[in-house]
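Step one of this worksheet: look at the structure below.
What follows is calculated from the coordinates using simple rules that are stated; it is not laboratory data. Just so we're clear, the structure is a prediction, and the values are computed from it rather than from any experiment. FYI the Cβ positions are ideal-geometry reconstructions off the backbone, even for glycines, and counts take in every protein chain you see.
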Ligand SMILES: Nc1ncnc2c1ncn2[C@@H]1O[C@H](COP(=O)(O)OP(=O)(O)OP(=O)(O)O)[C@@H](O)[C@H]1O
C-alpha cells in the first residue's frame, strides 16, 4: 500500500528524515518508535503531504506520489494528528463537515456508525450538541478519531492516538483501530498501543534503523 524509498525531508534548514525506506502492506499495523525528535511525526505528516520531501520516492497503491499529486493519498488516508482541531459550531457539525467537501460529497453521513463508535468510545450523545471547545482533551481525541473513521479510509495514519485517554477508552480505541485488520501507520509512547501493533519500526536521528514483527496478543 505504501512504499518509501530513500526519503529525505528538510525542516527549518535541518534534514530531519534521511534516506528512509519502508514498505507497508494492506492490513498491517505499524508503529514508529524512537527517541523524541527523531522524526516520527514528521514521517507521518509527510505521508499525507503535511511536510514536503526533497528526495526519494513515494508509492501509494503502486502509484508514484509527488508533492503535487499528494491528493491521491489524502482521498484514501485518514490522518489523526496530535492536535486535531474539530471546527464547527457543534461537535456534530464538525463531524459532518468533511462530508460537505467536494471530494467526499458522494458519501452519505453514516449516522449509525457514528452512534456505534460513540457508544464504543464511551461518549454520551449529548456531547454532539456541544461546542468543540467545551470538550475535554480525551473527548476531543476520541471525536477526532471518529471523524476519520466515518470516512472509511483505506489507510489510517495516527500520531499518538491514545495520548489523552484513560485506560477504558484507550482499550476501546485500540480495539477499534488495531483489532479490525485495518492498515495503520502510527507513532505512540503508549505500551498498550505498541503491544497491539504487528510491526515496530525503529527510528533514530531521522533514519529507519530497524524493523521487527511483534507477537500480538488479542
Ligand atoms: N515545524 C518545524 N520546523 C522546523 N523543524 C521542526 C518542525 N517540527 C519539528 N521539527 C524538528 O524536526 C525533528 C523531528 O521532529 P518530530 O516532531 O518529527 O519528532 P518525533 O520523533 O515525532 O518526536 P516526539 O516523540 O517528541 O513527538 C526535530 O528535530 C524537530 O525539532
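Fully extended, how many nm does the chain gain between residue 130 and residue 87 (0.36 nm per residue separation, minus their Cα-Cα distance)?
Separation in residues times 0.36 nm, less the Cα-Cα distance, equals 14.3 nm.
Between residue 119 and residue 204, what is the label-point separation in nm under the 7 Å Cα-to-beta-carbon projection?
4.8
I want to check the label-to-label distance for residue 112 and residue 63. Put each point 7 Å from Cα in the C-beta direction and report it in nm to one decimal.
3.0
Tell me the relative contact order for the chain as a rounded percent, counting alpha carbon contacts under 8 Å between residues six or more apart.
That works out to 29 percent.
When the Cα centres of region 69-142 and region 144-190 are compared, how far apart do they sit, in Å?
13
What three numbers, in Å, describe the spread of the alpha carbons of region 9-150 along their principal axes, ordered from the longest?
Taking the Cα atoms of region 9-150, the three principal extents are 48, 35, 28 Å.
Helix-derived [θ] at 222 nm for the chain: sum -39500 (n - 2.57) over DSSP H runs of at least 4, divide by residue count, nearest 500?
Roughly -7500 deg cm²/dmol at 222 nm, from the helical runs in the chain.
In whole Å, what three semi-axes, largest first, describe the equivalent ellipsoid of region 59-136 built from its Cα gyration tensor (square root of 5 times each eigenvalue)?
Largest first, region 59-136 gives 28, 14, 13 Å.
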